[in-house]
Amino acid sequence: MNRIRMFPRWSAPVAMLAVLLASLLSACTGSTSSALGDSRATTTKLDSNSMVMRVRAAGQIGNELDVQPLRDPQVEDLRGTAALAESRGDFATAKRALSQALLVTPGDPDLLQWQAELALATRDWPQAEQLATRSFSNGPKLGGLCRRNWTTLRFAAEARGNSVAAAQAQQRLTACTVAPPTRM
């Protein structure tokens, strides 16, 4: 059976960029803390969309190598569906699409982290913590995904009033970035 692709290969990254830009525009909070987060900043004052925006920004900082595996076309379609649903604010549809994608690629750390970010957006702090922890366990433990994991854990802990766990997450966040080798 031939499948007709609803979205070109580049549609998911474009949709994610649109979501990030929409979040940036809607979440102008005037905060001067860095994308990685200032541990002194009070994130409970941030709305959930601002938290998601900062989590995703934390994943973009750095110039490390980011290796992405080849993805199943069905998963790509589901990622596109999730991105479009998220951009419309339809988090339930986005979560369902990501859950279906996880049935195709169980334990995918990127999909788990995306679900954690949706849990942040819907203020489901325990779910955000659980999914970010699973993503970290299955992921590379370095780089952008690692920073997104620990930033999510920090925001969820702060939102729940757990300053000790938030400080630990902030400390672990710094270990995600490894300086590139010196080239001569």
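Here, each number is a calculation from the coordinates, and none is a lab measurement. What you see is a predicted model, and the numbers here were worked out from it, not measured in a lab. Note: ideal-geometry Cβ built from the backbone for every residue, glycine included; neighbour counts use all protein chains shown.
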Which of the residues that make up the stretch 112-132 are out of contact with any Ser or Thr (no Cβ under 7 Å at 6 or more places or on another chain) and either assigned to a helix (DSSP H, G or I) or among the basic types (Lys, Arg) (or both)?
Trp114, Gln115, Leu118, Ala119, Trp125, Pro126, Gln127, Glu129, Gln130, Leu131
Could you check the stretch 151-173 and list, in sequence order, the residues that are without any contact (Cβ under 8 Å) to a residue 60 or more places away in the chain and either outside any loop (DSSP other than H, G, I, E, B) or touching a helix residue (DSSP H, G or I) at 6+ places or on another chain (Cβ under 7 Å) (or both)?
Leu153, Ala156, Ala157, Arg160, Ser163, Val164, Ala165, Gln168, Ala169, Gln171, Arg172
Residue within the stretch 90-100 that is crowded, with 20+ Cβ neighbours inside 10 Å, in contact with a helix residue (DSSP H, G or I) (Cβ under 9 Å, 6 or more places away or on another chain), among the aromatic types (Phe, Trp, Tyr) and assigned to a helix (DSSP H, G or I) present
no
Among the residues of the stretch 133-150, is there at least one that is touching a Ser or Thr at 6+ places or on another chain (Cβ under 8 Å), over 26 Å from Thr105 (Cα atoms), part of a helix (DSSP H, G or I) and touching a residue at least 12 places away in the same chain (Cβ under 8 Å)?
no
